[in-house]
Amino acid sequence: MKRDLEQILQTILHSSEILEEEMKQESNLKNLTSRQLYCVELIKEMRNPSLTELAEKMNIAKASISVMIERLEKNNYIYKVASDNDRRTSHVHLTEEGNKAASLHAELHKRISELMTEEMTESEKEILIVLLNKSLLSLNKFRKKIK
C-alpha cells in the first residue's frame, strides 16, 4: 500500500524526533533541548559567531538567542568573548563540554541517516540526496518570502 508524500514526511519527521530523543537520553545530552543542541552545533559550524549572526542563522529574535545563550553559558556549554572591534558585540565560543555536545549531536544525526538509508543502494542514496537538496531549495525560498 502506497502512502502519500504528506504521510511519509510526517512519519519520517516524527520517527526521527523520537529516535533523536531516545539517543539523546542514552548520551550526555539529556539536559539540552533540540533547539539548544542545534544552537551548539551552529556555533561550532560558524566558528564563534556573534549573537546577531547566530540569531539570523537560527531565524529567531535576538532576545530569544540571548536567553538561550545565557542558559548554555550557565550549563558550561559556551562562553562569550567581547569583540576586539566593538565592545558592544560578543562572540560565542564552545567550551570543551560544548564541543563534546556538538560532536555527539552530529553523531546522532549521522546514525539516524544511516538507519534511514540502510535498505537503499548507493544509487538510491545519490538520488535521495539530489531530491532532498531540491526540497531544501524550495523550503529556503519559502522562508525568505515569509521574512
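No value in this document is a laboratory result; all are computed from the given coordinates. Worth saying up front: this structure is predicted, and the values here are computed from it rather than measured. Positions of Cβ are backbone-derived with ideal geometry, glycine not excepted, and every protein chain shown enters the neighbour counts.
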Within the range 13-42, restricting to residues that are among the hydrophobic types (A, V, I, L, M, F, W, C) and part of a loop (DSSP other than H, G, I, E, B), the one that is farthest from residue 114 (Cα to Cα) is 32
Take the residues in the range 73-88 that are touching a strand residue (DSSP E or B) at 6+ places or on another chain (Cβ under 9 Å), surrounded by 15 or more Cβ atoms within 10 Å (Cβ to Cβ) and not charged (D, E, K, R), then tell me which one is nearest to residue 34 (Cα to Cα). 77
Of 70, 124, 45, the only residue that is assigned to a helix (DSSP H, G or I), charged (D, E, K, R), within 17 Å of the chain's Cα centre (by Cα) and surrounded by 11 or more Cβ atoms within 10 Å (Cβ to Cβ) is 45
Is one or more of the residues making up the range 82-92 under 25 Å from residue 21 (Cα atoms) and of a type in the set (Lys, Arg)? no
Among the residues in the range 51-60, are any exposed (fewer than 12 other Cβ atoms within 10 Å of the Cβ), under 26 Å from residue 139 (Cα atoms) and touching a helix residue (DSSP H, G or I) at 6+ places or on another chain (Cβ under 8 Å)? yes
